[in-house]
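The values are calculated or read from the model by the stated rules, or taken from the named source; none is laboratory data. Bear in mind the structure is a predicted one, so any value in this text is a computation, not a measurement. Glycine gets a Cβ as well: all are built from the backbone with ideal geometry, and neighbour counts include every protein chain shown. Note: areas computed on protein heavy atoms with side chains; ligands, DNA, RNA excluded. Shrake-Rupley method; radii C 1.70, N 1.55, O 1.52, S 1.80 Å.
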Amino acid sequence: QQPVQSPQAVILREGEDAVINCSSSKALYSVHWYRQKHGEAPVFLMILLKGGEQKGHEKISASFNEKKQQSSLYLTASQLSYSGTYFCGTESGNTPLVFGKGTRLSVIA
Amino acid sequence: DAGITQSPRYKITETGRQVTLMCHQTWSHSYMFWYRQDLGHGLRLIYYSAAADITDKGEVPDGYVVSRSKTENFPLTLESATRSQTSVYFCASSESGGLTADSYEQYFGPGTRLTVT
């Protein structure tokens, strides 16, 4: 079942912060976050695993609440380069990754 | 060149024709995936493969056929294209598929924009 992302879209000025949420009705093993710029392929940001381990390499943080089956992506001091559509993907045991519908983030000067 | 490639990048075809989208990766990743992306739907899984000769259906498999005779290739065939299959198609690969005890990132190809007239 597809995870639900919120908000659907957000507009920020440079330097502002944003939070993107992802929730699922299933017990989650992991949550993935990807960013897609217009006309390009999605690019991996990070994975959050059940048990608290976090893997990623971008200067963007995230949290994973296993009990609530929710994850949040935190973008602080946003830059123009943060613009794009952010997707969460969830894994629930023996199923492949299922992506949400995405959150469109626009950062303006 | 290392990475994951898709061909063609753009394709226009007519309703009823067969069309094959190609995907090739050089990392020897076990898992490969095909997604379609449509406005308002995000990325939806069509088919995936855990290894050569092992494939399984995803969320929206109807009208599509896949094969994987070699680890590095994962072609997607539309047997009789319909207008509803107009979409952007992404291939991805990963060391795992969410079906094992670990989880790894997926690497996406550049996409194929398919238009069915």
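Points to keep in mind about this one:
- Listing of segment B:37-53 residues, each with accessible area lower by at least 50 Å² in the full protein assembly than in the chain alone (probe 1.4 Å): B:LEU43
- In the assembled protein chains, B:ILE12 presents an accessible area of approximately 130 Å² (probe radius 1.4 Å).
- Value of Rg to Rh for chain A (Rh from inverse mean 1/r over Cα pairs, i.e. Kirkwood): 0.96
- P(r) tail fraction, the protein assembly as shown - alpha-carbon pairs more than 33 Å apart, %: 16
- Accessible area per residue in Å² at 1.4 Å probe, computed on segment B:1-93: 50
- A/B buried area, accessible surface, summed, 1.4 Å probe, Å²: 1800
- Heavy-atom accessible surface of chain B: percent carbon and sulfur, 1.4 Å: 47
- Solvent-accessible area, 1.4 Å probe, carbon plus sulfur percent, for chain A: 49
- Structural size metrics of segment B:4-116, computed from C-alpha coordinates, are Rg and Dmax of 13.2, 43 Å.
- What chain A shows is 50 Å² of accessible area per residue, with the surface traced by a 1.4 Å probe over protein heavy atoms.
- Net charge over other residues, Cβ less than 14 angstrom from the Cβ of A:SER23 (K, R count +1; D, E count -1): +3
- Shown in residue order for segment A:88-95 are the 3J(HN,Hα) couplings computed by the Karplus curve 6.51 cos²θ - 1.76 cosθ + 1.60 at θ = phi - 60°: 9, x, 10, 10, 10, x, 8, 10 Hz (x for Gly and Pro).
- Charge context of B:GLY40, other residues only, Cβ under 12 angstrom, K/R +1, D/E -1: +2
- Cα-Cα over 23 Å, subset of A:LYS68/B:LYS57; A:LYS101/B:LYS57; A:LYS50/B:LYS70; A:LYS37/A:LYS101; A:LYS26/A:LYS50; A:LYS26/A:LYS101: A:LYS68/B:LYS57; A:LYS50/B:LYS70
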